[in-house]
Amino acid sequence: MSGMLLWLNGPYGGGKTQTAYELRRRLPGAVVCDPEHVGFGLHRMTPKPLRGDFQDLAAWRQGVYEVLDLVLRRHDDGPVIVPMTLTHPAYFAEVVGRLRDAGHDVHHFALLAERGTVLRRLRERGLGRGLKRESFAVRKLDECLERLAAPEFARHLRTDRLTVPEVADRVAAAAGLRPLPDTDGPLRHRLRRIGVGLSHIRFD
């Protein structure tokens, strides 16, 4: 028996991680599996001068596939949620396509927004340094938005005028899931977003 996978794609700063943890909070039994951790591990074992985009490593793509295939086969308490920017068509087919070919119930969403909206979100998470801390994300932004607009990266979900809980509601509904009601007020919602952001700060 295979579980359900919700892959949240989108540009860096597009709200994938915030949406993933909102879904986990409101879908009983859901788990978040972040493929970046595989990439961080590969980077840490590679000398800095040799580090590039970890997605270019076949070990990353194979590792992500194997872990998600395992989790989907063994975890049946709720959906598996994956927040990960993946815009290279061949890499997308190698990971997401293979999971579909293996018989898993994969729902893919590209969380898209206008360039200005994404830049504003990146400034907000820049910890007072604005876009300086997010130089990689800014450098990749236009390429991400262009590639993800392609048909193979559907389903497309515009998030410019949606809150994180609203994005989560739409993702869940499209996958045929019914999340628990969102009972957070504005303050608690803001605190949750800050908490998720702080927990994903990297220092290496």
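Here are some notes:
- Ordering of 42-54, 152-164 by burial proxy (mean other Cβ atoms within 10 Å per residue, highest first): 152-164, 42-54
- Label-point separation in nm, ILE194 to HIS156, each point 7 Å along Cα→Cβ: 3.6 nm
- Helix-only CD estimate at 222 nm, as mean residue ellipticity for the chain, using -39500 (n - 2.57) per DSSP H run (n ≥ 4): -13500 deg cm²/dmol
- Highest mobility in the GNM of the chain, judged by mean-square fluctuation with C-alpha springs under 10 Å and restricted to ASP142, ASP34, ASP169, is found for ASP142.
- The H on the amide N of ILE81, modeled in the peptide plane, is under 5 Å from the matching H of LEU6, VAL31, VAL32, CYS33, each at least 5 residues off or on a different chain.
- Distance between segment 98-114 and segment 5-81 - C-alpha centres, whole angstrom: 13 Å
- Amide hydrogen neighbours beyond the local backbone of VAL106, cut-off 5 Å, H modeled: LEU5
- Here the chain has 53 percent of its accessible surface on carbon and sulfur atoms, given a 1.4 Å probe and all protein chains in place.
- Counting only protein heavy atoms and a 1.4 Å probe, segment 1-150 has 47 square angstrom of accessible area per residue.
The values are calculated or read from the model by the stated rules, or taken from the named source; none is laboratory data. Given the structure is predicted, the values throughout are model-derived calculations rather than measurements. Here Cβ is always computed from backbone atoms with ideal geometry, including for glycine, and neighbour counts include all displayed protein chains. What goes into the accessible areas is simple: the full protein's heavy atoms, side chains included, and nothing from ligands, DNA or RNA. Shrake-Rupley method; radii C 1.70, N 1.55, O 1.52, S 1.80 Å.
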